[in-house]
Amino acid sequence: MTNVTIRQRILASFLAMLVVLSGVAGVAYYGFVVTEREADMVENQTVPALSASLRMMAVWTEAHSLLRALALEETSTGRDQTLELIRRNRATLDGLIDEYEATLDTEADRRAFEALRNATDAYVATEEAILPRSGTDLRDAIRSQMEPQFTRIRAQLAETVAFNQKQATRSTQTIVSVVGMAEIGLLAGFVIALGLSVLCGYLLFRAVAVPLARLMAIVQLMRTGDFSERLALPARDEFGTLADGFNAMANELTTLIGHIQKSGIQVNTSITEIAATSKEQQATASEIAATTTEIGATAKEIAATSNELVRTMGEVSNVAEHAATLAGGGQTGLARMEATMRHVMEAAAAINSRLAVLSEKAGNINQMVTTITKVADQTNILSLNAAIEAEKAGQYGRGFAVVATEIRRLADQTAASTYDIEQMVKDIQSAVAAGVMGMDKFSEEVRRGMLDVQEVGGQLSQIIHQVQGLVPRFELANEGMQAQATGAEQISEALSQLSEAAQQTVESLQQSTAAIDELNQVSSGLRSSISRFRLRA
Amino acid sequence: MLFLSFRIGADRYVLDAAQVERVLPLLEAKAVPGLPPAVLGLLDYHGRAVPLIDVCLLATGRPTAGMMSSRVILVRYADEAGRTETLALCAEQATGTIERDPADFVATGVEAGTPAYLGPVAADEEGLVQWVRASALLTPELRAMLFQPAGAPP
């Protein structure tokens, strides 16, 4: 039931109504058809047949009376007139028989009609046979022959009339019953149609009104800015689709509003940053203006300094000439210094040769010490041997042993002294070697100093040369300085213009700060108006 | 009793002065092939060939240093058979004599593992001195090699 769409429901309701109405209409139509047929039959067959049979009965009564009148007629004129009437009456009868034959429909009717016609034919034949007679003869003949036939025909006619009457009654009853049935059918159809339309209407109403009410409620909720609710309909009909679309739209709106909220916050942050940046720029521009002013002042100072430098350069030029003169004096002094150094070197060489002699003497002392050491050693051996011999001599060698010991002590002292001398000589030798090395180093230094002095002399002559060459360059520098002073003044002017521009920048930045403040207010408004939307968490 | 002192490495040793024939400066010995390394060769002493033993090499495996204080000590003693043998020993710091009573020397107590020529020890202000027995310096084989009986020369 939940998957049936509203369209299908409406179609089904109309279809059901249509089916019921069609049934009612069919029943009514059938009733009308049956009624019409019966009425037609009454009109075309039963009523004419009844009429014809009744008229035939009248004609037969006429024929009977005419025949009796003929029998009572005396005159031939009257007789002829009556005969004429009989004949005319017979023609009427024939016409009625034909008329009746046209209304024949059932087999029973036809059999009755055949019997009637046969009886009529038999009567006509009998009548033709008795007609020439007259008077009593005729009356007898009528009585004996014609009467039974009359009776029979009349009975036959009465039967026919009864038959037709019965048929008419039957048709009328059929019509009445059909009409009654049609009435009942129509009534029942109306009742069913009414019930069905109420049921369908209720179902349709429920299928439309309930979801519509929920939709209205959600729409009412959303109008207040609450996007946290979603529509959940169990039925998968058009409202289900609508709810899906609505939910999708709500989701999209939620996303959009979320984006807008975020964007609003970001815009706010950005505006705050921009405002801060603008203020910083303003401060920077102010600083630039101040700095530019300072630079202008500095440029002016530079110009003044340049002018001073021009004056100073003139002084420097004089000083340089003086320096060249002094350098010339220094050069001659250096030449004298070089000669002195040469003397020092010669003296150092003499000291070195003396030191060599000293070293040689020390070597001689060493040789002597070695000799003394050897003597002391020999003395030690001698004293040892003497002591041993004295020990071997026993009592007699006692005094000698003392002497030997004393000798050995002296020899040991000698050895110790020679050891000391040896050490001293070694010290002297090392000192002499160090002196020689120091003197060598000294003379090397002196030689190098002499070279340096020569180099300094050369450099001094170069200095003199270059100082002399400086004078024209000083003039060039002077001109350059003057140009620099002019340039600095121009820079100062340009900087004052720059300062004005910076001031203007500050003013325009103040304006942009005001604009940013307005923007900030607008952004706050936007944020507050978007913040009333409640979103799904 | 007088003893002649000398050193092997850092330690002091003494020889009986009565056995010392003469103290001589360090001399070059004539090398004799085929002898053990401790026997440096033969010395000429008043026309007599005396075998020279390096005590330092014998005791420590290191040759005597060629210093002025290193001396050759000529010893004469009687062997077990009563024959007099003359032997030259070279030793370091052989420059002094010590006067001691032989009773001051006492046995070390470790003679069992030491060479036969090391005798008892005595203590003085510089530490211990050990008595070296000249007669025990040569092993019997060496003695047989160095002092052949008379009449053997070719």
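Among A:Tyr202, A:Leu334, A:Gln282, pick out the residue whose Cα is farthest towards the positive end of the charge dipole of chain A, where Lys and Arg carry +1 and Asp and Glu carry -1 on C-beta, about the Cα centre.
In chain A, that residue is A:Tyr202.
What is the Cα radius of gyration of the stretch B:84-141 over 2.2 N^0.38 Å, N being its residue count?
1.26
Lys and Arg at +1, Asp and Glu at -1: add these up for the other residues within a Cβ distance under 12 Å of A:Leu495 and post the number.
-3
For A:Ala235, enumerate residues with amide H under 5 Å from its amide H, sequence gap 5+ or separate chain, H modeled in the peptide plane.
Correct list: empty.
Could you tell me the center-to-center distance, by alpha carbons, between the stretch A:282-326 and the stretch A:387-436 in angstrom?
Taking the Cα centre of the stretch A:387-436 as reference, the centre of the stretch A:282-326 is 90 Å away.
Give the span of the stretch B:45-90's Cα atoms along each principal axis, as three whole-Å numbers ordered largest to smallest.
34, 25, 15
Kirkwood Rh, Cα Rg: Rg to Rh for the stretch A:1-154?
Using only Cα positions, Rg/Rh for the stretch A:1-154 is 1.49.
Using unit Cβ charges (K, R positive; D, E negative) and no other charged atoms, how large, in debye to the nearest 20, is the dipole of the protein assembly as shown about its Cα centre?
That gives a dipole near 1480 debye.
Just the Kirkwood number for chain A, please: inverse of mean 1/r across all distinct Cα pairs, in Å, one decimal.
45.9 Å
For the stretch A:251-530, what class follows from the C-alpha gyration tensor (a ≥ b ≥ c being the square roots of its eigenvalues): rounded when a/c is under 1.5, otherwise prolate if a/b is larger than b/c, else oblate?
Oblate.
How large is the helix-only mean residue ellipticity at 222 nm for the protein assembly as shown, computed as the sum of -39500 (n - 2.57) over DSSP H runs with n ≥ 4, divided by its residue count, in deg cm²/dmol to the nearest 500?
When only DSSP H runs of four or more count, the value is -27000 deg cm²/dmol.
How many lysine pairs are close in chain A, with Cα atoms under 26 Å apart and the two 8 or more places apart or on different chains?
For chain A, qualifying lysine pairs total 6.
Between the stretch B:91-140 and the stretch B:1-70, how far is it from one alpha carbon centroid to the other, in angstrom?
If we compute the Cα centre of each part, the gap is 16 Å.
With 18 Å as the cut-off, how large is the P(r) tail for chain B, expressed as percent of Cα-Cα pairs?
Here the long-distance tail beyond 18 Å is 58 percent of all Cα pairs in chain B.
Across the residues of B:13-26, average count of Cβ atoms on other protein chains within 10 Å?
What the average comes to for B:13-26 is 3.
Across peptide A:385-394, how many C-beta atoms of other chains are within 10 Å of each residue C-beta, on average?
5
Quick one: net charge around B:Leu40, please, counting Lys, Arg +1 and Asp, Glu -1 for every other residue with C-beta under 13 Å from its C-beta.
Surrounding charge for B:Leu40 is -1.
Could you tell me the relative contact order of chain A? Use alpha-carbon pairs under 8 Å, at least six residues apart, and round to a whole percent.
Relative contact order, chain A: 23 percent.
Just in the stretch B:80-154: which GluC sites (Glu not before Pro) are loop by DSSP and have at most 12 other Cβ atoms within 10 Å?
B:Glu80, B:Glu111, B:Glu125, B:Glu126
With charges set only on the Cβ (+1 for Lys and Arg, -1 for Asp and Glu), what does the dipole of the stretch B:2-136 come to about its Cα centre, in debye to the nearest 20?
460 debye
Sorted by packing (mean other beta-carbon atoms within 10 Å per residue), highest first, where do A:54-60, A:399-405 land?
In decreasing order of mean packing, A:54-60, A:399-405 become A:54-60, A:399-405.
In whole percent, what relative contact order does the stretch B:2-136 give with Cα contacts below 8 Å and a gap of six or more residues?
27 percent.
Go through the stretch A:96-102 residue by residue and turn each phi into a ³J(HN,Hα) via Karplus (6.51, -1.76, 1.60, θ = phi - 60°); whole Hz please, and just put x for glycine and proline.
Calculated HN-Hα couplings, in order: 5, 4, 4, 4, 5, 4, 5 Hz.
So if I take the centroid of the Cα atoms in the stretch A:31-50 and the same for the stretch A:348-378, what is the distance between those two points in Å?
Taking the Cα centre of each part, the stretch A:31-50 and the stretch A:348-378 sit 191 Å apart.
Tell me, what ³J(HN,Hα) does each residue in the stretch A:110-121 have, in order and in whole Hz, if you take phi through Karplus 6.51 cos²θ - 1.76 cosθ + 1.60 with θ = phi - 60° and put x for Gly and Pro?
5, 4, 4, 5, 4, 5, 5, 5, 4, 5, 5, 4
Coordinate-derived values only; no laboratory data. A quick note: this is a predicted structure, and the numbers were derived from the prediction, not measured. So basically every Cβ, Gly included, is an ideal-geometry build from the backbone, and we count neighbours across all protein chains shown.
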